[in-house]
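Okay, structure first, notes after.
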Amino acid sequence: MGHIFISYSHKDKKYVEKLEKKLIDEGFDVWVDHRIDYGSQWPREIEKALDSCDAFIVVVSENAFESEWVQNEVARAIRKMKPLFPVLFSGDIWLSIETTQAVEVRDGSLPHENFYEQLGQVAQRGLVFSTAKWLFVNDWPIYHNTKYKFSIRYPEDGEISSKNSENVTIRFPVIRGTDLQEKYLLIKCSDDTTLPSLEKENRHWTVKKVIIDEMEFLCKVRSDAGMGKYVERVTYSASHENININITLVLIKVSHYPYLPKLITRVDLESEREIIKFIAGSFKGL
């Protein structure tokens, strides 16, 4: 399944985030450069994502017109003959894409339904989550488990603090002066291939199905608060041949009140938890 590349000025970020969410809700796999992280080389990753996309959306605005990055991306998309979908957010359409019909959204609205239908003719839709746009994962270190015969990648700033055949703990540094106190990853393996029920949902755990590059995972989320701390656990579970693997990201932050001064920077948990999707998508059997 190919992805849709969105080219835009970061000054128009709020609108692009709204458009991105709508595209994902419509079943598309979307690549936006704000997700590049962990020491990746931006030009190379942008180039890879653009060259491998099925469709190219450019959010046309006065800000984007002044952006050298956006103009370079548009020029490359035209040269690579990518299907172009201009979204006119402000100003006027540019000379470089004058002959391509643009969708009018200068009132801040989202494109109409026929826009997504046209996208669907060149970019596959489906309720999947693909790692195609995160090619930088290939540069991460690899953990090999010889007993259960699999490998998995983890971010470059992660450090394996303990490991055996069944359990691995990988700890990540946290920025001092924020409300995030601790972040680590737990990888657990067993011979039990029984996964939790997809319908299971109670006040402790919420479970849903996620497909990453054609591999099915069950995503479980649990949040607990108490003693001045907020703990969130996000687990991706999957069965592979004769094993079960559970990948759990643990995020521990200070509760906002009354223990956290207002001036301390709050960490965006949604962005922090994105990392586990990349890690799960790197799973490979040996």
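Read the figures in this text as sums done on the coordinates, not as results from a lab. Just so you know, these numbers come straight off a predicted model, no measurement behind them. Ideal geometry is used to build each Cβ from the backbone, glycine not excepted, and the neighbour counts take in all protein chains shown.
Quick notes
- Computed FRET value (nearest 0.05) for ASP139 with ALA75, which takes r as the C-beta separation and R₀ as 25 Å: 0.40
- Cα-based shape type of the stretch 4-131, given that a ≥ b ≥ c are square roots of the gyration tensor eigenvalues and the cut on a/c is 1.5: rounded
- Looking at the stretch 1-106, the trypsin sites (Lys or Arg not before Pro) that sit in a DSSP loop and have at most 13 other Cβ atoms within 10 Å of their own Cβ are LYS80, ARG106.
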